[in-house]
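Structure record follows, encoded as structure tokens.
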Amino acid sequence: MNKRCLNGFFAAVLLIFLGACSSSDSEESKSANDMAQMNESAGSNEMAVLDGEDQEDAATAEEPKESQIETSDRMIIHRANLEVQVKNLKKAKQNIEKKVKGYGGYVVESNEYRDENELMSGHVIVRIPEKHFQAFLNDAEDEAAEVLGRNVSGQDVTEEYVDLESRLKSKRAVEERLLDFMKDAQKTEDLLKISSDLAKVQEEIEVLVGKMKYLENQTSYSTVEIFMQESKVVVPGVGGNDLNTWEKTKKQLAVSLNFLLAAASGLVVFLVGNLPIIILLVLIGVGIYYVVKRKRRTPKE
């Protein structure tokens, strides 16, 4: 009986010892797995910084662009071109500029021209807040005696803006990681490398922000270009104001005197410039004259 109890006691101790060993092995295995996961995570973070561009492209590709476009307002760049006839150009321009100011817009360019028939024409480019775009077009057409042409166009830049937002978000994340690594950098070489990468990323961020601000400005303000020309008939005045008889007479007299002076000047230049040749020709002529005269006086045998 005692021997049987003793055998049972040893068997129980052996089972407890084996269970303890198995538990220790499993804990060591679990600890090793945790360490491997931590190392792998640290390696992946390092690769994310080293391969920032690849990670950015992947993040941008995974962005749900379509869902963002559907839930946000569309961004449309509107532009209009009007060609109108007006009864009075200056008055029409003044009224249009008042409307622009009233709607909170501004004039980009304003020009006036006068053609050979004394008809006035003008060209105006204005920027109008998007919410008043259609109302301003109606007001501009009301100032016209006749609308000769009207063209309105719109460009949807929603996808482009969302893409810029996604790229900017990825660049911001890369910037934060580089700043964190810069704080922990101990070697000068590592610090210089991180600083160079950080400067490049920050420059790209500035470019993206600039493009986004440009699109925001273009979509918040619409561009309207107006070509105006007067429709009135200009009747030339009757009178002697445009004849200029006395002025034309003085002009013709001056032309005649200039011609005579030019001819006299040419003659003087010709005679003085060719004086040696003229003297030589005169001497030759005089010599021939005397020879001929002498022959005529000689009696014939």
Query raised in the report: At what distance in nm do the modelled label points of residue 288 and residue 272 sit from each other, each positioned 7 Å from its Cα along Cα→Cβ?
Result: 2.9
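Taking 0.36 nm per intervening residue step and subtracting the Cα-Cα distance, what contour gain separates residue 185 from residue 81 on full extension?
Details: separation 104, 0.36 × 104 = 37.44 nm, distance 5.84 nm.
Stretched out fully, the residue 185 to residue 81 stretch lengthens by 31.6 nm.
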Requested in this report: Please order 133, 259 by the number of other Cβ within 10 Å, starting at the fewest.
Outcome: 259, 133
Query raised in the report: Whose amide H sits under 5 Å from the amide H of residue 108, counting only residues 5 or more places off or on another chain, with H placed in the peptide plane?
Result: 125, 126, 127
Report summary line: Distance in nm between residue 231 and residue 202 label points, each 7 Å along Cα→Cβ, equals 6.1
Report task. Compute the Rg/Rh shape ratio of segment 66-232: radius of gyration over Kirkwood radius, all on alpha-carbon atoms. Result -> 1.25
Report summary line: Between residue 209 and residue 73, the FRET efficiency computed from the C-beta separation at R0 = 22 Å comes out, to the nearest 0.05, as 0.65
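How would you rank 228, 120, 182, going from fewest to most other Cβ atoms within 10 Å of each one's own Cβ?
Details: 228 24, 120 18, 182 15.
In order of increasing Cβ crowding within 10 Å: 182, 120, 228.
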Report summary line: Plugging the Cβ-Cβ distance of residue 109 and residue 159 into 1/(1 + (r/R0)^6) at R0 = 25 Å yields, to the nearest 0.05, a FRET efficiency of 0.20
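I need the calculated FRET efficiency for the pair residue 151 and residue 255, taking r as the beta carbon distance and R₀ as 41 Å, to the nearest 0.05.
Values: r = 53 Å, r/R0 = 1.30.
For residue 151 and residue 255, the calculated efficiency is 0.15.
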Query raised in the report: Between residue 263 and residue 134, what is the spin-label point distance in nm, taking each point 7 Å from the Cα along the Cα→C-beta axis?
Result: 8.0
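Bear in mind that the values in this text are calculations on the coordinates, not laboratory data. Just so you know, these numbers come straight off a predicted model, no measurement behind them. Every residue, glycine among them, receives a Cβ derived from its backbone with ideal geometry; neighbour counts consider all protein chains shown.
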